[in-house]
């Protein structure tokens, strides 16, 4: 292994490790990560970053599917949509990409407000991009009978370079959507996996980021999800459909994390390292500003309450996670060439020959 590849491997592994710290202590993130890591044969965040770099065309269109509507409060949660805006900003700045966030109606206002806070020009059509960093935000139908036609209409003029799913609910084998606890939420959710699956059939590369197994794309590790995740197997849900909470779709590349947005932070950080541009990574202060904006515009934490948290994790913890990733990448880039003695020894040791 070369010094360059060794550095990329170890920085990527460090970012993965940060994204999968387990403050709850319940182990789900470790279960998912072990399966995803075995499948990828490399750190997940660097695998995702390389897919983006290899797939994205200059000024290319990128679809980002997100937005999980919670039962009870019937509002979209913070996890996913915040990451979608942060990733859109990174792709727009670094690749002059044209990111399009596809989400349910409950997320539209918050995405627009966050985009404005993040310095992005907002358009509601894929034809409305300006030369400035921009994103489009488009509502997707909750009506299954209209979903395929709506998906076809979106892509009839132009296929995207890539489709990315972030904490987006996915239907199981029976077409039913479920919450983490097995509640049937089919009526609440945008049927955006119709778009995701159609793009896959058209040959568009796919990347999914999730934290449980009921999200679009996560069937890439279905055996582990069914075996170890509560409610994922047959008869695991509460609605009687008998197919459990596991989403049926399998993405080309997946990233798992304790919270899906933590996987996004790691992905952006890996992109920043590979491209040598640490400015792509938001600061904890920027993240907190977006989180407050999200809650002020209708998003809720996973508990359904309008508090500035992501998956039950406070602003303080989210800020610490992203700041640690940023410091990790910044240190590596700022000190390139400073550790030649140790790099040489590690390379020659043969330990990393795999």
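Bear in mind that the values in this text are calculations on the coordinates, not laboratory data. Owing to the predicted nature of the structure, the values given are computational and were not obtained by experimental measurement. Positions of Cβ are generated from backbone atoms using ideal geometry, with glycine treated the same way; all protein chains shown enter the neighbour counts.
As a proxy for reagent exposure, 354, 343, 95 were ordered by neighbouring Cβ count within 10 angstrom, fewest first; the result is 354, 343, 95.
Residue 292 to residue 125: extension gain in nm, 0.36 nm per residue of separation minus the Cα-Cα distance?
Numbers: separation 167, 0.36 × 167 = 60.12 nm, distance 2.63 nm.
Stretched fully, the residue 292-residue 125 segment lengthens by 57.5 nm.
A Gaussian network model of the chain, with springs between Cα atoms under 10 Å, assigns the largest mean-square fluctuation among 269, 14, 134 to 14.
For region 307-354 versus region 120-183, the spacing of their alpha-carbon centroids is 32 Å. Which one, (1) 20.1; (2) 25.6; (3) 21.6, gives Kirkwood radius over Cα pairs in Å as derived from the coordinates shown? Entry (1). Would you work out if region 214-309 is rounded, prolate or oblate? Take a ≥ b ≥ c from the square roots of the eigenvalues of the alpha-carbon gyration tensor; rounded if a/c is under 1.5, else prolate when a/b is larger than b/c, oblate otherwise. Oblate. Counting beta carbons within 10 Å around each of 91, 324 and listing the fewest first gives the order 324, 91.
Could you rank the peptides 242-254, 198-210 by their average count of other C-beta atoms within 10 Å per residue, with the highest value first? Before the final figure, lay out each step's value.
On the way: 242-254: 23.2, 198-210: 20.6.
Highest mean packing first, the order is 242-254, 198-210.
Most simply put, the chain has about 20% antiparallel DSSP beta bridges, counting only bridges with both residues inside it.
Multiplying the residue separation of residue 223 and residue 34 by 0.36 nm and removing their Cα-Cα distance gives an extension gain of 66.8 nm. Compute the FRET efficiency between residue 333 and residue 234 as 1/(1 + (r/R0)^6), taking r as their Cβ-Cβ distance and R0 = 35 Å, and round to the nearest 0.05. Using R0 = 35 Å, I get an efficiency of 0.15.
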